[in-house]
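Q: My questions will all concern the structure given below.
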Amino acid sequence: MENAPPVIEACNLAKKFDDFTAVESVTFNVFEGELFGFLGPNGAGKTTTINMLTGLARPDAGTIRIAGIDCSKSLKAAQHLLGVVPDESNLYPELSGYDNLCFCGALYGLRKRERQARALELLKRFGLAAAADRKFAGYSRGMKRKLTIAAGIIHNPRILFLDEPTTGIDVASARQIRQLIADLNTGGTTVFLTTHYIKEAERLCRRIAFIVNGRLVKIDTVDNLMRQTDGRHVVRFTMTEEAEGLCKAISGAFPHLQCQTVSQEAIRLESREPVRIGPLVRFIEERGAEVSEARKLRPSLEDVFVSITGIAAAAMKQEQEKRKSGDGA
Amino acid sequence: MNRWVAFWSILVKDMRAYYLKPPNISWGLIFPLAWTGMFFIKSGGGIEDLLALLPGVVAISILFGTTSMLAVTVTFEKKNRSFERLLLAPISLELLMLAKTAGAILFGAVNAFVPVAMAVFFTDLSRVAWGMVVPAVFLIAVSSTFLGLFIAVSVSEVFEAQTFSNFFRFPMIFLCGLFFPIEQLPALLRPLSYALPLTYGTDMLHRGFGGASLMPVVMDFGMLLFFCATLFLISLRNIKRRWII
């Protein structure tokens with residue numbers, strides 16, 4: 001894929017809001033036909049980076065080239081190549097699904113017949129044909145996300161930016177959207193995906209960048225990132241009692257284990273050596289808690305994320321979900 | 001890319017989504033009717049005074065029609081982020097804002113002719129200089145729309161846009177010679193009148209409807225064009241500075 005030409009070239013991007021540094025010295029390339037993941041917690045600078053790449057924000061420093069076009073000089077020419085699906089569905093509530101798509105097609109200069117045909121094709125492809133004439137305001141959250149993605153690709157963009165496409169929607173819709181993203185990429189569209197679902201990024205992306213506090217901390221292929229987990233052993237214990245406080249005791253008694261509280265009733269143990277479950281179960285039960293499940297886990301990209309960023313992925317996901325449900329749509 | 005496809009679609013979308021809604025149509029009918037009735041009763045004159053009232057009623061209909069709509073079509077869309085979709089489109093900001101304001105200009109112009117259409121049944125309009133009235137209506141619609149745009153991009157909430165626009169609109173009713181001649185205003189207020197675009201538009205309307213005018217027609221035209229250009233350019237600068245951060 002690195003042999004393909006870069007279609008997004010971000011070099012030393014920086015953005016400040018008053019005294020707050022949102023993005024600092026961010027440099028990366030995304031190659032033609034790639035599905036690139038951009039991961040980080042809330043406030044890490046993901047959306048600010050997307051806004052700079054798409055022209056909704058001006059970088060304080062650095063350069064952006066889209067398909068070789070210098071965005072500081074010819075932003076509108078670059079925007080013609082981009083499709084953008086924001087983190088919140090921002091179509092027009094008073095227009096129908098079909099009219100929304102036709103309108104978005106017109107913004108990119110599609111002629112009437114062309115945009116009408118394309119709108120019908122996308123409605124069918126996204127399983128929204130039956131709701132084509134319904135107002136967007138009456139759509140479910142999953143339908144809104146699907147239509148927003150359809151609006152982002154109505155003009156067949158060369159590069160598609162997807163900001164948290166599956167956040168806050170039901171499992172079936174999320175699965176369908178993931179399949180649609182994979183299909184789009186297979187069809188040749190370069191996809192720039194931000195998500196806080198690390199498993200989603202692991203499943204979809206070929207390369208991933210981790211951004212924390214406005215700085216890129218790691219960028220590599222999923223395969224290379226996963227190699228960092230070779231030789232690691234992970235066990236998850238689920239208890240009937242609260243797990244709070246147990247981690248400290250376990251770390252004291254088993255110094256080779258790294259312990260992390262996953263939820264109120266679950267802990268996660270990681271070690272470079274094989275983890276013996278029996279002594280641990282006895283240790284926990286001696287402290288009055290009953291182990292209901294002990295499961296060996298295959299190390300995942302989430303483990304890599306945690307080890308690189310020091311941020312608990314579960315906490316990041318919860319925080320994001322809370323923010324989404326608070327926002328409404 | 002044919003950018004006019006985008007321009008036309010934005011205009012048609014705004015017309016369908018906002019301007020042609022029943023509440024706006026009824027607003028366009030009731031508002032001029034109410035103002036005509038109010039000043040007709042206040043003046044205590046007969047039906048022959050109707051022609052003298054028309055410039056003020058036409059001007060106020062345009063002013064309120066245009067400025068009210070921009071708070072919705074621009075501030076509301078900015079608030080719910082659908083405006084971002086327009087900013088991401090590969091069309092220049094100038095063309096985009098002309099498309100967003102074209103609907104309001106048309107709406108204002110149509111509003112202007114509602115009282116004129118009503119007046120046809122009550123008074124003789126054969127002496128009206130349409131060659132003066134029509135350009136005046138158009139220029140008032142454009143300058144009022146751009147004033148509404150200036151207000152809409154200066155705030156972030158719809159209610160702020162409404163409140164802020166009243167800060168301009170209500171004084172303009174009294175300061176721009178709509179119903180009270182500028183010469184009769186206190187000397188201290190008169191400079192304010194000349195700093196408002198509606199003064200020049202109303203002056204053109206008075207001339208067009210056969211009344212007395214204060215300034216040469218070239219000056220009225222020139223000042224209206226100056227206000228249109230200035231307000232539009234300031235609004236564009238504000239959008240670039242405040243919205244494309």
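Throughout, read-outs are computed from the coordinates displayed, never taken from laboratory work. Predicted, not measured: the structure shown is a model, and the values here were computed from it. We place every Cβ from the backbone using ideal geometry, glycine too, and count neighbours over all the protein chains shown.
Q: Could you give the angle, 0 to 90 degrees to the nearest 10, between helix B:197-208's Cα long axis and the longest principal axis of the Cα atoms of chain B?
A: On a 0 to 90 degree scale, this one is about 40.
Q: Once amide H atoms are placed 1.01 Å from N in the peptide plane, what residues at a sequence separation of 5 or more from B:Thr123, or on another chain, have their amide H within under 5 Å of its amide H?
A: Hits under the 5 Å cutoff: none.
Q: Report the FRET efficiency, 1/(1 + (r/R0)^6), for B:Leu233 and A:Gln179, where r is their Cβ-Cβ distance and R0 is 56 Å, rounded to 0.05.
A: Values: r = 48 Å, r/R0 = 0.86.
Calculated value: 0.70.
Q: Something else about it: Calculate one ³J(HN,Hα) per residue across region A:222-229 by plugging θ = phi - 60° into the Karplus curve 6.51 cos²θ - 1.76 cosθ + 1.60, and present them in order as whole Hz with x for glycine and proline.
A: Computed from phi, the couplings for region A:222-229 are 4, 4, 5, 5, 5, 4, 5, 8 Hz.
Q: Ok, one more. Residues of region B:191-218 with the amide nitrogen closer than 18 Å to a label point 7 Å from the Cα of B:Ala129, along Cα-to-Cβ, please.
A: B:199-218
Q: While we're on this one: Ignoring solvent entirely, what values of log10 I(q)/I(0) come out of the Debye formula for region A:1-148 at 0.13, 0.15, 0.17, 0.21 Å⁻¹ when each Cα is a single scatterer?
A: Ignoring solvent entirely, the Cα scatterers give -0.74, -0.92, -1.06, -1.22.
Q: Follow-up. Given a Förster radius of 25 Å and the C-beta distance between B:Ile244 and A:Phe20 as r, what FRET efficiency does 1/(1 + (r/R0)^6) yield to the nearest 0.05? Write out the running numbers ahead of the final one.
A: Working: r = 18 Å, r/R0 = 0.74.
Approximately 0.85, to the nearest 0.05.
Q: If you take the C-alpha gyration tensor of region B:3-242, multiply each eigenvalue by 5 and take the square root, what semi-axes do you get, largest first, in whole Å? Present the calculation step by step, with values, prior to reporting the outcome.
A: Numbers: eigenvalues 190, 74, 53 Å².
Those come to 31, 19, 16 Å.
Q: Determine the shape class of region B:70-191: with a ≥ b ≥ c the square roots of the Cα gyration tensor eigenvalues, call it rounded for a/c under 1.5, and otherwise prolate if a/b is greater than b/c, oblate otherwise. Mind showing how you got there, number by number?
A: Numbers: a/c = 2.51, a/b = 1.52, b/c = 1.65.
Verdict is oblate for region B:70-191.
Q: For A:Arg276 and B:Lys79, what is the calculated FRET efficiency with R₀ set at 41 Å and r taken between the beta-carbons, to the nearest 0.05?
A: 0.10
Q: Here's another thing I want to ask about it. Below 8 Å, C-alpha to C-alpha, sequence gap of six or more: please give me the relative contact order for region A:207-287 in percent. Intermediate results must be reported in sequence, preceding the final value.
A: Values: 96 pairs, mean separation 20.8, N = 81.
Reported as a whole number, the value is 26 percent.
Q: For the protein assembly as shown, state what percent of all Cα-Cα pairs lands in each successive 10 Å bin, counting from 0 Å until the bin that includes the largest distance.
A: Taking every Cα pair in the protein assembly as shown, the percentages come to 3, 15, 21, 19, 15, 12, 8, 4, 3, 1, 0.
Q: Right, next: Separation of region B:157-227 and region A:117-141 by C-alpha centroid, Å?
A: Here the answer is 49 Å between Cα centres.
Q: Sticking with this structure for a sec: Can you work out the PRE-style zone for B:Val217? Point 7 Å along Cα to Cβ, and I want the residues of region B:181-204 with backbone N under 15 Å.
A: Residues B:201-204 qualify, since their backbone N sits under 15 Å from the label point.
Q: Once amide H atoms are built 1.01 Å from N in the peptide plane, which residues 5 or more positions from A:Phe31, or in another chain, come under 5 Å H to H?
A: Distant-sequence amide H within range of A:Phe31: A:Val7.
Q: Would you kindly give the portion of the calculated P(r) for region A:107-208 that falls above 24 Å, as a percent of all Cα pairs? Let's see the in-between values first.
A: Working: 1134 of 5151 pairs.
Counting pairs separated by more than 24 Å, the tail of P(r) holds 22 percent.
Q: With chain B treated as a Gaussian network of Cα nodes joined by springs under 10 Å, which of B:Thr163, B:Thr36, B:Thr202 yields the largest mean-square fluctuation?
A: It is B:Thr163.
Q: Quick one: 3J(HN,Hα) in Hz for region A:202-212, Karplus 6.51/-1.76/1.60 with θ = phi - 60°, rounded, Gly and Pro as x.
A: Ordered by residue, 3J(HN,Hα) equals 4, 6, 8, 8, 9, 10, 9, 10, 9, 10, 9 Hz.
Q: Looking only at Cα atoms, what is the convex hull volume of region A:233-298 per residue, in Å³? It would help to have the intermediate numbers written out before the result.
A: Working: hull volume 4.6 nm³, N = 66.
Dividing the Cα hull volume of region A:233-298 by its residue count gives 70 Å³.
Q: Moving on. Give me the angle, in degrees from 0 to 90, between the Cα long axis of helix B:3-14 and the longest principal axis of the Cα atoms of chain B, rounded to the nearest 10.
A: That works out to roughly 60 degrees.
Q: HN-Hα J couplings of region A:46-51 from phi, Karplus 6.51/-1.76/1.60, θ = phi - 60°, integer Hz, Gly and Pro as x?
A: 5, 5, 4, 5, 4, 4
Q: May I pose another question? Considering only chain A, what is the antiparallel percent among its DSSP beta bridges, to the nearest 5?
A: Numbers: 39 of 57 bridges.
Expressed as a percentage, antiparallel bridges in chain A total about 70.
Q: Can you give me the Rg/Rh ratio for chain A, using Cα atoms for both radii and the Kirkwood formula for Rh? Could the numbers behind the result be given before it?
A: On the way: Rg = 22.4 Å, Rh = 21.7 Å.
Checking Rg against Rh, the ratio lands at 1.03.
Q: Follow-up. Considering the zone a paramagnetic label at B:Asn2 would reach in this model (a point 7 Å from Cα along the Cα-to-Cβ line), which residues of region A:75-119 have amide N under 19 Å from it?
A: Those under the cut-off are A:80, A:101-119.
Q: Per the Kirkwood treatment, what hydrodynamic radius in Å, one decimal, follows for region A:32-105 from the mean inverse distance over all distinct Cα pairs? Please report the intermediate quantities before stating the final value.
A: Values: mean 1/r = 0.0691 Å⁻¹.
About 14.5 Å for region A:32-105.
Q: Scan around A:Ile211 for amide H atoms under 5 Å from its own, H built in the peptide plane at 1.01 Å from N, and keep only partners 5 or more places away or cross-chain.
A: A:Leu39, A:Gly40, A:Val217
Q: Any idea what angle helix B:217-242 forms with the longest principal axis of chain B, computed on alpha-carbon atoms, 0 to 90 degrees, nearest 10?
A: Helix B:217-242 and the main axis of chain B meet at about 30 degrees.
Q: Just the isolated ones, please: cysteines in the protein assembly as shown lacking another cysteine beta carbon under 4.7 angstrom.
A: Among the cysteines of the protein assembly as shown, those whose Cβ sits 4.7 Å or more from every other are A:Cys11, A:Cys71, A:Cys102, A:Cys104, A:Cys205, B:Cys176, B:Cys228.
Q: Of all DSSP beta bridges in the protein assembly as shown, what percent run antiparallel (nearest 5)?
A: Values: 39 of 57 bridges.
Here the antiparallel bridges make up roughly 70 percent for the protein assembly as shown.
Q: Mean residue ellipticity at 222 nm from the helices of chain A, using -39,500 (n - 2.57) per DSSP H segment of n ≥ 4 over the full residue count, to the nearest 500 deg cm²/dmol? Numbers along the way, then the final one.
A: Details: 12 runs with 123 residues, N = 329.
Value at 222 nm, helices only, nearest 500: -11000 deg cm²/dmol.
Q: Please check: in the Gaussian network model of chain A (C-alpha springs, under 10 Å), which one of A:Ile64, A:Ile277, A:Ile149 has the largest mean-square fluctuation.
A: Largest GNM mean-square fluctuation: A:Ile277.
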